[in-house]
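The values are calculated or read from the model by the stated rules, or taken from the named source; none is laboratory data. Every value quoted in this text rests on a predicted model; they were computed, and no experiment measured them. No Cβ is skipped: glycine too gets one built from the backbone with ideal geometry, and neighbour counts run over all protein chains shown.
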Amino acid sequence: MQTSFPDREQQIIQTHSSLIRLVADTLQQTELKPKLDEVLMISAKNGWTDLVAAIRKILSGERNRNNLGNLDDEDRVIIHAILDGIQNPATLPDDAVTGDPTMAAPGIAHMIHEAATGNAQALVLLSNMAEQMSSAGGDMRRLGGIMKTILDGERNPDKLCKGMAQQGRSLVLSILDELGKIQAH
């Protein structure tokens with residue numbers, strides 16, 4: 001059976017859905033600006049300075065995609081999703097949708113593997129993802145908390161899944177399974 005995964009751009013948009021929505025929503029609801037400012041400050045500290053600069057330009061009214069700075073592919077996807085969402089809110093990702101663990105696991109496992117083998121961009125992305133998960137609560141908070149442990153090589157499911165409900169355990173086990181497949185190649 002062939003499993004189909006979201007393309008890379010869609011994975012990036014799903015991963016950063018809360019940021020994309022927060023930027024677009026802040027333009028309509030100015031009371032969200034302090035929360036966005038905090039997220040942007042943390043993102044800049046984590047190395048996402050070009051992305052933060054582009055978002056700040058958007059907040060100040062710039063909408064020309066060519067005037068938003070020198071962005072890498074991932075930043076460009078995020079910025080385009082924000083601009084598309086401003087123009088047509090129906091295109092904004094739904095950050096309330098809980099992902100199917102079998103869909104999220106390959107992407108997370110790939111990022112962990114890339115970060116563990118020295119890919120700095122993957123490490124930054126993984127760090128930001130862990131931060132977002134940690135603020136989500138429940139099993140996502142626990143998963144965000146164990147990302148570094150997995151990155152450091154821990155593969156014991158009993159240790160990693162301690163205190164998680166079935167959905168969280170399923171995601172962690174799927175990530176470990178995917179990591180095993182990646183490392184076997």
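Before moving on, here are some points about what is shown:
- Within the range 9-35, considering residues that are of a type in the set (Asp, Glu) and without any contact (Cβ under 8 Å) to a residue 24 or more places away in the chain, the one farthest from residue 104 (Cα to Cα): 31
- Just so you know, in the range 84-104 the residues that are at pLDDT below 90 and small (Gly, Ala, Ser) include one that is farthest from residue 167 (Cα to Cα), and it is 96.
- Whenever a residue of the range 114-126 is closer than 18 Å to residue 145 by Cβ, its partners that are among the basic types (Lys, Arg), lying with C-beta atoms within less than 9 angstrom and at least six residues away or across chains, give the pairs 126/148.
- Residue check, residue 51 without any contact (Cβ under 8 Å) to a residue 40 or more places away in the chain, buried (at least 16 other Cβ atoms within 10 Å of the Cβ) and outside any helix (DSSP H, G or I): no
- Filter result (of a type in the set (Lys, Arg) and under 22 Å from residue 69 (Cα atoms)) within the range 34-48: 45
- In the range 149-173, the residues that are within 13 Å of residue 108 (Cβ to Cβ) and either loosely packed, with under 14 Cβ neighbours inside 10 Å or at pLDDT 90 or above (or both): 150, 151, 160, 172, 173
- Criterion violated by residue 17 - all others in (1) surrounded by 15 or more Cβ atoms within 10 Å (Cβ to Cβ); (2) out of contact with any helix residue (DSSP H, G or I) (no Cβ under 7 Å at 6 or more places or on another chain); (3) at pLDDT 90 or above satisfied: (3)
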